[in-house]
Every structure is written in structure tokens, then in C-alpha cells.
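Asks: Got a structure for you, written out below as C-alpha cells; questions coming shortly.
The values are calculated or read from the model by the stated rules, or taken from the named source; none is laboratory data. Just so it is clear, the model here is predicted, and its values are computed rather than measured. Counting neighbours? That spans all protein chains shown, and the Cβs are built from the backbone with ideal geometry, glycine included.
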Amino acid sequence: MFNLSKQFAAAAAVTLLAACGSSSNTSSMANSTARGTLALDPPLRIASLDAATFAAELNATATGAELLALTSTPVCGVDFYYVKFWTVGGANETTESSGALMVPTGAAPACSGPRPIVLYAHGTDTDKATNIADITNPSNTEGALIAAAFAAQGYIVVAPNYAGYDISTLGYHPYLNAVQNADEMTDILTAARTALPNTLSAATSDNGKLFITGYSEGGYVAMATQRALEAAGKTVTAAAPMSGPYALEAFGDTIFFGGVDLGSTVFSPLLTTSYQKAYGDIYTATTDVFSSQYANGIDTLLPSLTPIDTIFAQGLLPETALFDSTTPTVTIPDNPTESAELTAALTVPTLATTPLAPLFDLGFGTSYLITNDYRVSYAINAATFVDGAGPLAPHGSPPTLAAIPSAIPSPTLAPAFYLRQAFNTNDLRNPSWAPSAPTLLCGGDADPTVFYAVNTGTMEAFWSDLPAGLVNVLDINGTPATSGPLAPFAPLQLAFQASQAALLVYYQSAAGGGLSAAAAAAAVTQGTHTAEAPFCTVAARSFFSLF
Amino acid sequence: MTLSNIRTLPATLALIVASLGGAASARADDAVPANDFRLGSYSVFYHASADDLSGPYVPAGLNFHTDNVETLYVGYVRRLSTHFSAELALGYPPLTKTYGVGPATVGSQPYSGQEISTARWLAPTAFVEYNFFAEDAVLRPFIGVGVNYTNFYDRRSTAAGDEASGGPTKIELPPSFGPAATVGLAYRLAEHWHAYASYSASKVNTRLTLITAGVDRTSHVEFNPQALVVSIGYAF
């Protein structure tokens, strides 16, 4: 009896302890906000889909079925984790950010055990709530793409939502800030590597191989990350930046001299805010850059929880008109020749001068975003410190190559050129470097959003002296190679071009709106940047599979 | 719920019972025992209804049901007067199991029919009862009303629950206060000894919160248990 009552007392004590103690385990919150710290360990698994279920869910929609046809049937299931981690903003501020860890699962040999990591960077998104880990959100097409293309084929995928998005309390996004972008990619990689062994998918582990890729903004982020990791002596197995604005200064010059890309009115406030926060010298008031119609509040406009179409409809941003449709007159005191030359260079383009001219034309209007004064100041700086699309020298050094227009003496107009300085700082030719890991640059030469020649083409030329095979450049819209390292990509090029051709026919059909041939061509072009993404992504996977 | 609340509640109930008893005992017949301890079986039938689970990344239609339990019943009854008594009913806290109801899978994780969580219930109920007939009658029906307090502890998400929730999951189920009612029958076995059977119902409402990696998923739950108690009591 004595023993029994002792046991009972012990049981009662246990009961009381259970009643007052914590009732169950859950993720622990990090005490540190140091870079790369996993904020919640283990992270939340948003969804767990086996290969068949993932295939069925993709096949349930027409676009999903098309994606699956391109990326191949899933071999692995995918567990989608929502990773929260500590990183830094554009001015090195401590901030929390979030992103995805997608883990291949299942019995197939490629789906568990040690697997390679694909570190992926997503494209520009105006939606502040972007969460690439949330596969349950039907609008998360980029998340579905990378899950299908990489995770379901046996790659662990790590992808940030970026600081300034989702749960991040940073009040802006460090857009095209090379240092921050690479820091954040490195930080989510560290956090994801910490997280993986503690997840429900710990049967899959990191085999140490690291592939880096990303599309559009993410192509830029991927290249910046490759550069930073290689500079730090970290392993990069291979990289495949896709359709990114790598040669930022040359790209900026192209735009300011009238080659306005589609999406520029969205990219501009993201850029000016990013650089203003990082460097503090882009403007003293937003009206220094933006027309008074749009200047008020533009520094906090994007990213936003309001859909971008609503922002356009509310008149907070022009949809396409980046510049004034009235050509500015450049007046450089005592220099009529150069004044005339610059004025001519800034002439609003007329239709049909280039294949993208109809789009360039859209870049000008009466309700425009950026003032002519700012455009002129930028142009004078560009003409003074010529980019020349070669190795970049710091501003103030002699121009290296002649470009449009020819070099002129130091500007005597107010030099509002800090934006261009920021472009120079963040241009991925600066400082001079070259990949040491095998690299594939994929893009399309008809891209109206991130111009191919001035970005991918510039980097190709910049690295033309490297050993053959180190940097491979694939124009998904180009002529397929029949031999050489690019020949394996020929079917993807043909498939992309066939899909664009089919779209052109579709737009002219009754179902597609019965557009004229020219209007249909414009509609196809308008969607080209997005259309290239899955083809380049599959090309990237095919490239990674070589290593 | 803090530990001190849990500690003080039974004490408070005991005080109420004691004071009622004390007030009554002055009038009680010395020949009639004032205290009655009962031991028996407690069969709990849940008539639970819950809202579908809501929160981030939760598909529609996720619900659950709770398995009925059997446990040890311990009761203390204090005679207040010829017809009135007070009962403090306790069950040895049963392990209550909750099963998923809804889609067969969440993503590809099994859900419907899976044991997703367990909890123990410390659920004292205090009744004031009216007993019919004379105190020495062989059969005495009784009815009672009272209050139930339910504290849920040892709350655990099972491995299947963690798989469905997406990680190690903490379960919050705040304590519930609610009315209770009972109806029963006492059968006199011998002097001091009675057999009892009673059926009681209580309202147990709470808000279930599943916390997984900082994400809360919630549901309003009404367990509304009904219980059949069969017991033997010794009065002294």
C-alpha cells in the first residue's frame, strides 16, 4: 500500500507538472538576429505533395499542364517549407525576411539522401505579400515553376521572398542592390541549411553542391550572388542567371536615351527608393526625379498590397509612359554643338525604327513619370562618363569608349546623376570579375522588358576572353545550334519559338481576340519576357545536370 | 490558465460545499450520515461540434472528432438536508483522442481518421442535487444542476498531427466553465452503502489553437460531453 500511494503521489505530481509546464513542443524562436539565423526552427511546412499529387494538381489547370509538359513529370514529391530568417536591408539594417525551402521527397533514388541545392531568385513582383513558398496560392506561378523544374526532379530549392516582402518589416525592397541581394541569398542559404535536418523531410540532405539561378530581377540577384560567393571562396557548382539586368549602367543609358523597356514605370520607383535608402543621394525630394503628378508618395508606393493594375487605374503610376512625349531641348552653356547632339539623342523615337519601336513609343506620353530635366541631367552624365558597354571605370575617370553621343566636357548643368552612379555601383561588370564556376546565361533576344543585347550580350562580350565553355550564352529565341555545348538546348529553343508562333496565330484567331497581324505580334512581344522563363529554367536544370 | 487557478478551483468548490454542508448540518439528523464517498466508472460521450479549422495554409473542410472515453469516477457528496445534497464529481483525467475529419489527405499527408492529438481533461463538476423520497428509501431518484470546469492538459499533437500541421505543433485549449445538469438514481444496498447510476451533461466550450512554427490555426469547439456514472458509495 505504501508503495502504491507513493506511486500515486508521483503520478499526481507529474500531472501537476504537466498542467503547469508547456504542453507540447513547437518551433523555437531564434534569440539572435544575426545574418543567416533561422528565425523559427524548424520552419513551417506549408504543404507536402507526393509526386502523383503534385502532377495531378498541376494537370488540373491548362497552364499547369503546359508547365508539366515542359518540366517533365515529377519524379519526386515536394515538401514546401516557409523559412523565416534574419538578413540585412540595403543600408545594412537588420531585418527579417522569408522564403521557401522546397525539399524533394519520395522513394525514387533521386528524391532523398544527399541532394544538390538550387538557390533561386525570383523576378520583380509588385505584390508585397509575395510568398514563393506558398504553393497553395494559385497566383504563385513562379513557385510552381521552380518546384516542378527543380524540386520534383530531385533538387533542394532555396528561394527568398526578398527583404521588403511578406513578413519583412523593412519598409522598402533593396531592388537591384548587388551587395544586399547577395547577402540575402547567402543568408537564406545558411538558414535553409540549418533548417533542413530539423524538418519533417530530414531524409533528404544537402550534398554540398550549389547551383545558383534566378529570373529577371532574380537573374541579376543570381549573378550578384555567384560573384559574392566565389569572391568569398564558397562553393558554387554552376550558375545560370536568366534574363537579368546585369549591365545596369548600360541598360539605364539605353532607357534614358529612349529605349524604354516594358515595365519601366514599375521598375523606376523600386530602383530610386532602393538606392535612396542605400545611398541617400538620389534626390532631396521625389520631385527631383518624378513629375509632380506622380511624385507624392512614390517613394513608398512599391511593393504594395494593392494590385498593380489598381495602382495604374488610381493614377498613382503611368502604365507605360516613363518619359515626356515632348523632346527636351538640351542647353549646355557655350557648347551649342554638344547641346544639339544631345537634343538629337534624346529625340522621342518614331515608330518602326527598330522591332521594339512600338513598345518604345509607349514609353512616352503626356502623363509621364520622369521629368525631362532629370532625363537631360542623366543624359549629360552618360555622355560625359561614357559606359561604352565595356569594363566599367569609376565615374570621373576618362571615358573608355565612345558611345552615343560623343563625349562632351564636364557638365555645367546641375549634375543630377546619382542614379547613374548607383547604376554604376550595382552594375555586375563592376568591379571587374569573371565566374569561376561554369555559367549559363539564358535569355531571349525579343525580350521587351530586360533587353537581351545590352544585358546578356554585354556580359558575353565582357567575358569573351574566358576559357571556352566557362560562360555559355543561350538565346532561347535564337537559331538552335547543331553542334557544340549549346546543341542540347536546341529542342528547348525550338519549343519556345514554336510556342511563340502558336501564340501569334492564336491572337489572330477569333478565340484570341482576332487581332491584326501587327497587334498580335505586339501582344506576343509583350508577353515574351514571362514566356521565356520556363524554357530558360528547364535549360538551367539541363545545364546543372552536367555537374 | 495558471497553476494557481487550477489549484484554487477545487479548494473553492470544496469551501462552497463545506459551507453549504455546515449550514445544513445544524439541522441534519445525527443518524443520517453527512458524507458520502463514491467510486465508480465514468463513461464520457462527447457530442462535439467544431468549426472547420481556419488559418494560414489550411485547406477547406478540416474538422475533427473526439473519441468517447471511460475513466475512474470519484465523487464526494455532502448531505445538506433531507432532500438536498452537494456533489463534487471528478474523473481520473482521461486521455482523450482527437481524430481528423474531412479530406482523406492534406496535400499528400493522411488526415481523415488519423489520430491527430491527445489531451487529458481535469474536469471537476459541482452539483447541487435534489433527492426524491425519504432518506431511507431503497430507491432515490435525484436531479441536479451545477457547474463544470474543464482544464485540458498534456495537450499533444501526434506524429500524424504534426505531419498534417506541417511541423511540431503546440495545442492551446483554454479551460472552460459551463453549466452542467444531472439525473440519477440511488439504490440502497446496505447501511452506509448505496449504488448509484447517473447521467449528466455539461457544456464545455473552448477555442482550439494549433501553433506550428509561429502560425496559428484555430477552431471554436463545443465538446458538450454527456457522462454515464455507475458507482458505489459509502456514507458515514
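Asks: Across the range B:134-148, which residue is farthest from the other protein chains (Cβ to nearest Cβ) among those that are among the aliphatic types (A, V, I, L, M) and over 18 Å from the mean Cα position of the chain (by Cα)?
Replies: Step by step, filter the range B:134-148, then rank; the result is B:ALA134.
Asks: On to the next question. Identify the residue in the range B:149-172 that is crowded, with 22+ Cβ neighbours inside 10 Å and among the aliphatic types (A, V, I, L, M) and, among all such residues, is nearest to the other protein chains (Cβ to nearest Cβ).
Replies: B:ILE171
Asks: Specify the residue that is nearest to B:GLY161 (Cα to Cα); the eligible residues are those in the range B:83-96 that are of a type outside the set (Asp, Glu) and at pLDDT 95 or above.
Replies: B:ALA89
Asks: Any residue that is within 14 Å of chain A (Cβ to nearest Cβ), aromatic (Phe, Trp, Tyr) and either without any contact (Cβ under 8 Å) to a residue 12 or more places away in the chain or farther than 21 Å from B:VAL183 by Cβ (or both) - is there at least one of those in the range B:63-70?
Replies: no
Asks: Can you pull out the residues in the range A:12-30 that are assigned to a loop (DSSP other than H, G, I, E, B) and either within 11 Å of A:TRP86 (Cβ to Cβ) or at pLDDT below 50 (or both)?
Replies: Those that are assigned to a loop (DSSP other than H, G, I, E, B) and either within 11 Å of A:TRP86 (Cβ to Cβ) or at pLDDT below 50 (or both): A:GLY21, A:SER22, A:SER23, A:SER24, A:ALA30.
Asks: Right, another one. Among the residues of the range B:204-211, is any in contact with a strand residue (DSSP E or B) (Cβ under 6 Å, 6 or more places away or on another chain), over 26 Å from B:SER117 (Cα atoms) and more than 12 Å from every other protein chain (Cβ to nearest Cβ)?
Replies: No, the range B:204-211 contains no residue that is in contact with a strand residue (DSSP E or B) (Cβ under 6 Å, 6 or more places away or on another chain), over 26 Å from B:SER117 (Cα atoms) and more than 12 Å from every other protein chain (Cβ to nearest Cβ).
Asks: So A:GLY171 ticks every box in (1) touching a residue at least 12 places away in the same chain (Cβ under 8 Å); (2) in contact with a strand residue (DSSP E or B) (Cβ under 9 Å, 6 or more places away or on another chain) but one. Which box is left unticked?
Replies: (2)
Asks: Still on this structure, please answer the following. Every residue in the range B:53-90 that is part of a strand (DSSP E or B) and of a type in the set (S, T, N, Q), please.
Replies: B:SER54, B:ASN63, B:THR66, B:THR71, B:SER85
Asks: Take residues that are buried (at least 23 other Cβ atoms within 10 Å of the Cβ), away from chain B (no Cβ under 12 Å) and among the small types (Gly, Ala, Ser) and tell me which of the strands (runs of 3 or more DSSP E) falling wholly in the range A:72-151 contain 2 or more. Spell out the reasoning first.
Replies: Values: elements: A:77-88, A:94-105, A:113-121.
Here the list reads A:94-105.
Asks: Here's a follow-up. Here's a check for you: in the range A:475-492, which residue that is part of a helix (DSSP H, G or I) and in contact (Cβ under 8 Å) with a residue 40 or more places away in the chain is nearest to A:ALA531 (Cα to Cα)? Break it down into steps so the answer makes sense when it comes.
Replies: Here is the first cut: in the range A:475-492, the residues part of a helix (DSSP H, G or I) are A:487-492.
Still in the list and also in contact (Cβ under 8 Å) with a residue 40 or more places away in the chain: A:488-489, A:492.
Details: A:PRO488: 20, A:PHE489: 16, A:LEU492: 12 Å.
Step by step, filter the range A:475-492, then rank; the result is A:LEU492.
Asks: For the range B:91-120, which positions are assigned to a strand (DSSP E or B), among the aromatic types (Phe, Trp, Tyr) and within 11 Å of chain A (Cβ to nearest Cβ)?
Replies: Answer for the range B:91-120, where residues must be assigned to a strand (DSSP E or B), among the aromatic types (Phe, Trp, Tyr) and within 11 Å of chain A (Cβ to nearest Cβ): there is none.
Asks: Something else about it: Of the conditions (1) within 14 Å of chain A (Cβ to nearest Cβ); (2) touching a residue at least 40 places away in the same chain (Cβ under 8 Å); (3) out of contact with any helix residue (DSSP H, G or I) (no Cβ under 9 Å at 6 or more places or on another chain), B:ASN131 clears all except one; give me its number.
Replies: (1)
Asks: Has the range A:106-115 got any residue that is within 21 Å of A:VAL450 (Cβ to Cβ) and not aromatic (Phe, Trp, Tyr)?
Replies: no
Asks: Limited to the range A:507-528, what total is found for residues that are closer than 25 Å to A:VAL450 by Cα and surrounded by 15 or more Cβ atoms within 10 Å (Cβ to Cβ)?
Replies: In the first step, residues of the range A:507-528 are kept if they are closer than 25 Å to A:VAL450 by Cα; the result is A:507, A:517-528.
Add one more test, that the residue is surrounded by 15 or more Cβ atoms within 10 Å (Cβ to Cβ), and what stays is A:507, A:520-528.
Residues in the range A:507-528 being closer than 25 Å to A:VAL450 by Cα and surrounded by 15 or more Cβ atoms within 10 Å (Cβ to Cβ): 10 in total.
Asks: Here's something else I'd like to know. For the range A:29-88, enumerate the residues that are more than 22 Å from B:THR105 (Cα to Cα) and among the charged types (D, E, K, R).
Replies: If the condition is that a residue be more than 22 Å from B:THR105 (Cα to Cα) and among the charged types (D, E, K, R), then A:ARG35, A:ASP41, A:GLU66, A:LYS84 are the ones that fit.
Asks: With the condition kept exactly as written, say whether any residue in the range B:155-175 is under 24 Å from B:GLY40 (Cβ atoms) and either in contact with an Asp or Glu (Cβ under 8 Å, 6 or more places away or on another chain) or of a type outside the set (A, V, I, L, M) (or both). Even if it seems obvious, please write down each step before you answer.
Replies: Filtering the range B:155-175 down to residues under 24 Å from B:GLY40 (Cβ atoms) leaves none.
No, every residue in the range B:155-175 fails to be under 24 Å from B:GLY40 (Cβ atoms) and either in contact with an Asp or Glu (Cβ under 8 Å, 6 or more places away or on another chain) or of a type outside the set (A, V, I, L, M) (or both).
Asks: Right, here's the next one. Hey, could you check the range A:39-71 for residues that are part of a helix (DSSP H, G or I) and acidic (Asp, Glu) and say which is farthest from the other protein chains (Cβ to nearest Cβ)? Break it down stepwise before answering.
Replies: So the first thing to find is which residues in the range A:39-71 are part of a helix (DSSP H, G or I), and the list is A:51-59, A:62-71.
Checking the rest, the ones that are also acidic (Asp, Glu) come to A:57, A:66.
Working: A:GLU57: 9, A:GLU66: 23 Å.
Ranking the candidates gives A:GLU66 first.
Asks: Take the residues of the range A:24-38 that are within 14 Å of another protein chain (Cβ to nearest Cβ) and without any contact (Cβ under 8 Å) to a residue 24 or more places away in the chain: which is farthest from A:VAL78 (Cα to Cα)?
Replies: Restricting attention to the range A:24-38, the residues satisfying the condition of being within 14 Å of another protein chain (Cβ to nearest Cβ) are A:24-30, A:38.
Imposing the further condition that a residue be without any contact (Cβ under 8 Å) to a residue 24 or more places away in the chain reduces the set to A:24-29.
Details: A:SER24: 27, A:ASN25: 25, A:THR26: 22, A:SER27: 21, A:SER28: 24, A:MET29: 25 Å.
Top of the filtered list is A:SER24.
Asks: For the range A:300-342, how many residues are modelled with pLDDT under 90 and in a helix (DSSP H, G or I)?
Replies: Qualifying residue count, the range A:300-342: 7.
Asks: Please indicate, with yes or no, whether at least one residue in the range A:519-530 is without any contact (Cβ under 8 Å) to a residue 40 or more places away in the chain and within 18 Å of the chain's Cα centre (by Cα).
Replies: Within the range A:519-530, one or more residues are without any contact (Cβ under 8 Å) to a residue 40 or more places away in the chain and within 18 Å of the chain's Cα centre (by Cα).
Asks: I'm trying to understand the selection: among the residues of the range A:493-504, which are touching a residue at least 12 places away in the same chain (Cβ under 8 Å) and farther than 16 Å from A:ASP445 by Cα?
Replies: Of everything in the range A:493-504, those that are touching a residue at least 12 places away in the same chain (Cβ under 8 Å) and farther than 16 Å from A:ASP445 by Cα turn out to be A:LEU503, A:LEU504.
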